Every structure is written in structure tokens, then in C-alpha cells.
Amino acid sequence: MQTYLSDIIPSISRYSKQLNDETLLTSRHWVVIDEIANRKNIYIFRKNRDLLISTNGLVEKGKWDYLGNDKILIEQNGKAFLFRHGFFEDDFLALKIEGGDEYAFLVNEKKYDENLNSVMSIHSFLTKKYIDAPVVMTQGEDNEGWMMVIILIAITLFGAILILSVNFKP
């Protein structure tokens, strides 16, 4: 099932925030989405680089560090794991395990508690928000390309009107 969700990440990556937005990372509690329904793992990234990992209320401590180049190091249980940025937004975080094809999927705990708590619900959420949603250009985003198209259409119309007016004999 998680492979199903992994397939959508490359197609929405252009909407992603950067992993170096540490304020976003540290201002939320992130729930790991896995297929074990009776387990809730919460990752709390603290500003001092401590990492609190709660599994059904039992907490262990670890460390985390943003390494630059969209990579984050997570240490827990005496092991270190290197992850690469997959996708990052206010409510969802996908970290790709370095050297592999697998992702770790995390959801803002507030959204997790609002039914964004399964692979299928996350896939539906991301599809509706980024793939099915109408494209809205922000100021400066590819406006130059559209402006050129409009100018070319206007010139073509002006030329056609000019040709018709010259060839038109009353």
C-alpha cells in the first residue's frame, strides 16, 4: 500500500516546501503512517535537535539534524538513518530513505486525528489538493509565457484585421 502512495510523490514535488524550513518541522508533532493500526508513533522534532519518539505513549529519545542538500539525519536506538527530502507541506512529510526507494510518511498530528490517518486517506488528500485541484498561478509564476501567447494572438488578430481592411473594397 505504501508503494501506492510513493508513486504520487514525484508528481506533486513541485508544490513542496523545502526541508530546511525547520520552523515548520519543529512546530508540529508528526505521526508516522504505517499499516499497523494499533500503534501510534509520534515524532517530535525539537529546536535543540532532540527528537522525542512516542510509541503509544512510551517515549524514547533520539537526535535529528538537517544536513543541507535536502537531507536529514535521524538517530534513534543507537542507529543513524539518513533521509532525503521527498515532499514537505504543512500537514504532510515524506522522507525518502537514502539509497532506497522507500519513503517514511508522516502527518501533522492534528490532521491525523481528523481522519488523515491511513495510506488511502493521505493519497486521497494529496490527489485532491495537488492533482485534481485547478491550477492557480501565483504572481510571477510563468506569467511571462502566458503574456507572450496573448501578445502573439493580439498581433495575429491585428494583422488579420489589417489585411481584411486593405482587401475590402466597398
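For this structure, a couple of remarks:
- Looking across the range 3-28, just one residue is assigned to a helix (DSSP H, G or I), crowded, with 16+ Cβ neighbours inside 10 Å and touching a His at 6+ places or on another chain (Cβ under 9 Å), and that is LEU5.
- A residue that is free of Cβ contacts under 8 Å to residues at least 60 places away in the same chain and either hydrophobic (A, V, I, L, M, F, W, C) or not assigned by TED's automatic domain parsing to the domain that holds GLU114 (or both) cannot be found anywhere in the range 13-26.
- Answer from VAL31, VAL107, VAL59 - the residue that is touching a helix residue (DSSP H, G or I) at 6+ places or on another chain (Cβ under 6 Å), at pLDDT 85 or above and either closer than 20 Å to THR127 by Cβ or assigned to a strand (DSSP E or B) (or both): VAL31
- A count restricted to the range 41-69 and to residues that are buried (at least 17 other Cβ atoms within 10 Å of the Cβ) and over 16 Å from THR26 (Cα atoms) stands at 0.
A quick yes/no check of all residues on (1) at pLDDT below 85; (2) loosely packed, with under 12 Cβ neighbours inside 10 Å:
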site	(1), (2)
LEU82	no, no
LEU95	no, no
GLY99	no, yes
TYR130	no, no
THR138	yes, yes
LEU157	yes, yes
SER165	yes, yes
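The values are calculated or read from the model by the stated rules, or taken from the named source; none is laboratory data. Bear in mind that the values here come from a model prediction, so they are computed numbers and not experimental data. Note: ideal-geometry Cβ built from the backbone for every residue, glycine included; neighbour counts use all protein chains shown.
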